Amino acid sequence: MKKFLALVLSFILLLSLLASCSGKGETPVTKNSSSTVAAKDGKKTIAYITPDSRSPFPVKYSSAWKEECSKRDWEAVILDGAGDAAKQLSLIESLVAQKVDMICVTPIDSTAIGSGLKIAYDAGIPTMTVNADCDEAFHKYTIGYIGTPNFTFGYRSGECMAEALGNKPDKNIIICSLHDGFQASMDIVDGFKQAIKDKCGNVNYLDEQPGKSDKAISQALMEDWIVKYGDKIDAVFGADDTVAVGCINALKANNMLGKVIVVGAGGDGDGLPAIKNGEMYGTTYQSAAAEVSLVFENIELYFAGKPLQKEEEWKMELPIITKDNVDGYEPAY
Amino acid sequence: MIIQKQQYTNLHADLQRTVPEHQEKFTFRKLMRTQNIGTILILVLLFAACSLTTETFFKFNNIMNITRQVSMVGIMACGVTFVIISGSLDLSIGQIYMLTSIVACKLTHVNILLAILLPIAAGALCGLLNGVLVGYFRLHPLITTMGTQSIFLALGYALSEGHPIRAAENEFFRQIGQGNILGCIPVPSLIFALIVAFTWFLLKKTTYGRKVYLVGGNPEAARFSGFSFVKVTMINYIFAGALAGLSGIVVCSRMMSGVPSMGTGYEFQVMTAVILGGVSFSGGKGSIFGTLIGMLIVGVLNNSYIQWGIPSSVQYFFQGVIFIIAVVLDTMHERKLGLVS
Amino acid sequence: MKKKQKLLLWLSDNSIFFLLSIILVLAALVGKSFYTKANLMLLLKETSLYGIIAIGITFVLLLGFTDMSIGPQVSMFSVIAILASQRFGLASMVLSCVLLSIISGLLNGLLVSKVHVVPFITTLGTMTVFKGIALILAGGKPIASSLLTVYDIYTYELLGVPISIVVFLIFLIIAAYLLYFTKFGLQVYACGGNLESAKAAGINTDRITIICYLLSAFCASCAGAFYASRMGVGSPVLGDNYTLPVIASCVIGGIRSTGGKGNFVKTFCGVLFMQIIYNLMAMSGFDAYTQYFVIGVVILGVLFLDKYTEKVQKINLAQE
């Protein structure tokens, strides 16, 4: 009984402590103010929240981030959302408590991140979405967005595929997507489908399954598809190069590479050699370093009180790579 | 004679056994009493359903595909079967698989022979850590292997620095994962078949195998007979780790690359196969044959999704329902036989 | 018993309090801004959400069973909450989740008690089923709520305290009351200690099992509704990685997985302990993989400490 009473009493104490703690937020940040609290040592702290650190692209992004920060003698704080949209919210709150100078985030979920952006806004810390944007409704809480939407990323690959198919309709295409239940993955596929619709007209999607960024899984899927659809397959889209190469391996083993057109996305160390060999038709190149460099250019502009670059001014493209231009590119990751 | 804990609470079944078991003719009744009959039935039903409703399932190359696809997880499952029969668990097996495949990829740049031998040793070492913690220190298996899972994941990343590691080109190494014997039987399937035969022999026909069952099923009797829980558990974990290492080599050869994001969730795939195979988590029950059936069910199921065009969001539901049905059937069957109180 | 032995005995039963005090001191030394109002508030909010899930699963753990399906249940309920908010409005979010949790709790409870399937295996199966249901209901990707006021539930503050903390503390007190002061609590401990003896003593173990799984589902549903309100989105993959850390928190707190030992204060401390570690790591800017390593080492370290103090306890008893 004593223990229980002690428990109840301590909770009441805790509650009253918390009640006394609550205070209103500070003045929200305006677009051109740089009135944030200076970081310790006078160094600016630029924080970045990654979506996930188990895939190569975010890893490349993070290391480019650290480089750009050290170039400017700023401090980089990189935290990992580990694929959990709720965790990204907690991390924003944590960064707000640490009073960093700028919070940049690649949202795992464009809607879920909204409440986090609002919290940072109310606390007076500027935020920016990079590589993937939040919903339109939350733009008022950020200073801007730099990056290409996954939709556009998929769209470029779709354009590449359309070109390979000669812009003709009625082809049979198989899509090997990334993950179940994640928005980024869906956006890439939606973008691809839109491009095909725009350029080719009506096509027939034989099937669509997640390859989970795993070559073994995508290879197994492709083997099954070959058994099921055989000669009917005209083309395969892999939502990233890893998945595309997994499909290529299966096609190679069944001597179908000459007939089937494969397009990937990303331009990584698997994809570029495959294009060189003629196994893959093309991919969309996404350079982490180029994007991060653009992001930091804009952060500098922000701190100098100047407006951010407009999208037309960005010197960053998503080039389509095919056999013609593959030699001019290093693997993105 | 294998000492088994037998609880015939079902007197009826007992009375029916008027003829000594080894003299009974092959009757339907005897078939119904076989362990694993529930899961064998499910496998047969699935197989039949797929073959009859699609034109492309029951083809030689499709069947070979299925055996190849299950071989990597299957090799691991054989090892984990030992661990689970002896009453423990291994949640870290997926990460050991990832770690050893990265090791293999890195070693192909040095020496092919090392690339085939060292990952197995690396896997065994990881298994040793598990074995020491769970066997020697008697920490709780579920939470302990959860902790080691985290550690192995961190090690895998440290080794690869987050980037995919690409294996060096080597024809012989390539054949391990991508070759075909006699032009049509995939090498991984053959390796899997050999491992199944080897582990089956170990478990059913050797003294060690009997120790494994005893330690899991009746720890008290095991102790009195002098069988060491510590030794058996440690050896089981090391063996499971070594087999995961072998799997890692095969997948590295197949993909010619390794990434730290591999192997996520594989521990659940392995456990699904082993559980479908009739292993009991209180220990002392199960078999390699059962694990093989379980693995085949998983393989056929995954193949059927494509054959039947089932969208990915429905697949989880489907798999979960089949799993529960299989497990319920198995449990009810055991209760009827009087093997469970 | 000598004073030293008494202390060691108390320590072995309550190692989590000891650990918690150490980590709190460490936080003061290492964490740059740990003891700030903002950070402590954040810490408590995180602990509350995890804690609500942990309260539910503690009941199941006390019985000596496990529930591997709580993570996917949280995802499933977050999706259900968003769907409900769109069709029936804000008030229905929590209510719909709570009502539907009866079904998931019954499923688990019945399979374990009446059909006698081993809990670990049962919940591995239901885990996949719930994840499947979440994906099907959500249409394969996270669904956002069209209701603008969806955030109101999570951001609501009672007398200045965030509602999630209030709800967590209320649940904690109710759960503790159930465990200490009711017959039900005694029966849970009895079942956890030895299921057979409890049955022989006339306790309806089936009913207790079902109730515990219902409680576990109930807590998961509340947490799911809160997450849905916090994000404004129902995510079918949200809880995938929550199951093991929650169970680990409870075990670290001192809930013996064989059942029969532990209480809610310990669960709370276990969850707090894990959250402080996550919080400190986020503040120190540890690399993601260093974090995985640290978590692994911490879990193993705590298990070792437990084992050591258990040995000491046994030696003490032997010396009596």
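Below is a table of values for the structure above.
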quantity	calculated
Criterion: within 30 Å of A:ILE226 (Cβ to Cβ), of a type outside the set (Asp, Glu) and outside any loop (DSSP other than H, G, I, E, B) - qualifying residue of B:ILE143, B:ILE120, B:ILE42, B:ILE84	B:ILE42
Selection within segment C:113-127 - facing another protein chain (nearest Cβ under 8 Å) and part of a helix (DSSP H, G or I)	C:PHE120, C:ILE121, C:THR122, C:LEU124, C:GLY125, C:THR126, C:MET127
Criterion: without any contact (Cβ under 8 Å) to a residue 60 or more places away in the chain and either in contact with a His (Cβ under 6 Å, 6 or more places away or on another chain) or closer than 25 Å to B:GLY131 by Cβ (or both) - qualifying residue of C:VAL312, C:VAL302, C:VAL294	C:VAL294
Members of segment B:69-94 that are of a type outside the set (A, V, I, L, M) and either in contact with an Asp or Glu (Cβ under 8 Å, 6 or more places away or on another chain) or within 21 Å of B:GLY284 (Cα to Cα) (or both)	B:GLN69, B:GLY74, B:CYS78, B:GLY79, B:THR81, B:PHE82, B:SER86, B:GLY87, B:SER88, B:ASP90, B:SER92, B:GLY94
Selected residue (only one of B:VAL321, B:VAL298, B:VAL279 is surrounded by fewer than 21 Cβ atoms within 10 Å (Cβ to Cβ) and either under 14 Å from the mean Cα position of the chain (by Cα) or within 13 Å of chain C (Cβ to nearest Cβ) (or both))	B:VAL321
Residue among C:ALA223, C:ALA217, C:ALA248 that is within 14 Å of chain A (Cβ to nearest Cβ) and either closer than 30 Å to C:LYS141 by Cβ or of a type in the set (Ser, Thr, Tyr) (or both)	C:ALA223
Answer from B:GLY162, B:GLY131, B:GLY127, B:GLY156 - the residue that is at pLDDT 85 or above and more than 18 Å from B:VAL80 (Cβ to Cβ)	B:GLY156
Some residue of segment C:44-57 being in a helix (DSSP H, G or I), over 24 Å from C:LEU179 (Cα atoms) and touching a residue at least 40 places away in the same chain (Cβ under 8 Å)	yes
B:GLY284 being out of contact with any His (no Cβ under 8 Å at 6 or more places or on another chain) and modelled with pLDDT under 90	yes
Checklist (1) within 12 Å of another protein chain (Cβ to nearest Cβ); (2) touching a strand residue (DSSP E or B) at 6+ places or on another chain (Cβ under 8 Å) applied to A:GLN219, failing item	(2)
Flag for C:GLY239 being of a type in the set (Gly, Ala, Ser), under 30 Å from A:PHE138 (Cα atoms) and within 14 Å of chain A (Cβ to nearest Cβ)	yes
Residue, farthest from the other protein chains (Cβ to nearest Cβ), within segment C:191-214, restricted to residues that are within 20 Å of the chain's Cα centre (by Cα) and at pLDDT 90 or above	C:ILE211
Single match in B:VAL251, B:VAL270 (criterion: within 17 Å of A:ALA220 (Cβ to Cβ), at pLDDT 90 or above, more than 14 Å from chain A (Cβ to nearest Cβ) and part of a helix (DSSP H, G or I))	B:VAL270
Subset tally (residues that are without any contact (Cβ under 8 Å) to a residue 24 or more places away in the chain and among the aliphatic types (A, V, I, L, M)) for segment A:89-111	1
Residue in segment A:225-243 that is buried (at least 18 other Cβ atoms within 10 Å of the Cβ), away from chain B (no Cβ under 12 Å) and touching a Lys or Arg at 6+ places or on another chain (Cβ under 7 Å) present	yes
For C:SER146: the one exception among (1) closer than 30 Å to A:SER185 by Cα; (2) of a type in the set (S, T, N, Q); (3) within 14 Å of chain A (Cβ to nearest Cβ); (4) in a helix (DSSP H, G or I)	(4)
Selected residue [within 14 Å of chain C (Cβ to nearest Cβ), more than 24 Å from C:TYR292 (Cβ to Cβ) and either at pLDDT 90 or above or more than 20 Å from the chain's Cα centre (by Cα) (or both)] from B:PRO188, B:PRO219	B:PRO219
Hits in segment A:110-137 (condition: facing another protein chain (nearest Cβ under 10 Å) and either within 21 Å of A:ALA64 (Cα to Cα) or touching a Gly at 6+ places or on another chain (Cβ under 9 Å) (or both))	A:THR111, A:ALA112, A:GLY114, A:SER115, A:ILE119, A:ALA123, A:ASP135, A:ALA137
Residue in segment A:124-136 that is surrounded by fewer than 21 Cβ atoms within 10 Å (Cβ to Cβ) and touching a residue at least 24 places away in the same chain (Cβ under 8 Å) present	yes
Single residue of segment C:128-137 satisfying the filter (hydrophobic (A, V, I, L, M, F, W, C) and either farther than 23 Å from A:SER185 by Cβ or within 7 Å of another protein chain (Cβ to nearest Cβ) (or both)) that is surrounded by the fewest Cβ atoms within 10 Å (Cβ to Cβ)	C:ILE136
One residue from C:MET231, C:MET281 being surrounded by fewer than 23 Cβ atoms within 10 Å (Cβ to Cβ) and either more than 10 Å from chain B (Cβ to nearest Cβ) or of a type in the set (Asp, Glu) (or both)	C:MET281
Meets criteria (within 19 Å of B:ASN130 (Cβ to Cβ), of a type in the set (Gly, Ala, Ser) and at pLDDT below 90) for B:SER86	yes
Residue selected from segment B:130-177 under the condition over 30 Å from B:MET256 (Cα atoms) and either touching a residue at least 60 places away in the same chain (Cβ under 8 Å) or among the aromatic types (Phe, Trp, Tyr) (or both), by the criterion nearest to the other protein chains (Cβ to nearest Cβ)	B:PHE137
Failed criterion for C:ILE57 (all others in (1) crowded, with 20+ Cβ neighbours inside 10 Å; (2) away from chain A (no Cβ under 13 Å); (3) farther than 24 Å from B:PHE317 by Cβ; (4) at pLDDT 85 or above hold)	(3)
Residue in segment A:76-92 that is modelled with pLDDT under 90, farther than 19 Å from C:GLU46 by Cα and out of contact with any Phe, Trp or Tyr (no Cβ under 7 Å at 6 or more places or on another chain) present	yes
Boolean, A:LYS259 is surrounded by fewer than 24 Cβ atoms within 10 Å (Cβ to Cβ) and within 20 Å of B:ASN65 (Cβ to Cβ)	yes
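The values are calculated or read from the model by the stated rules, or taken from the named source; none is laboratory data. If you're wondering where the values come from, they're calculated on a predicted model, not measured in any experiment. When we count neighbours, we look across all protein chains shown, and the Cβ atoms used for this are built from the backbone with ideal geometry, even at glycine.
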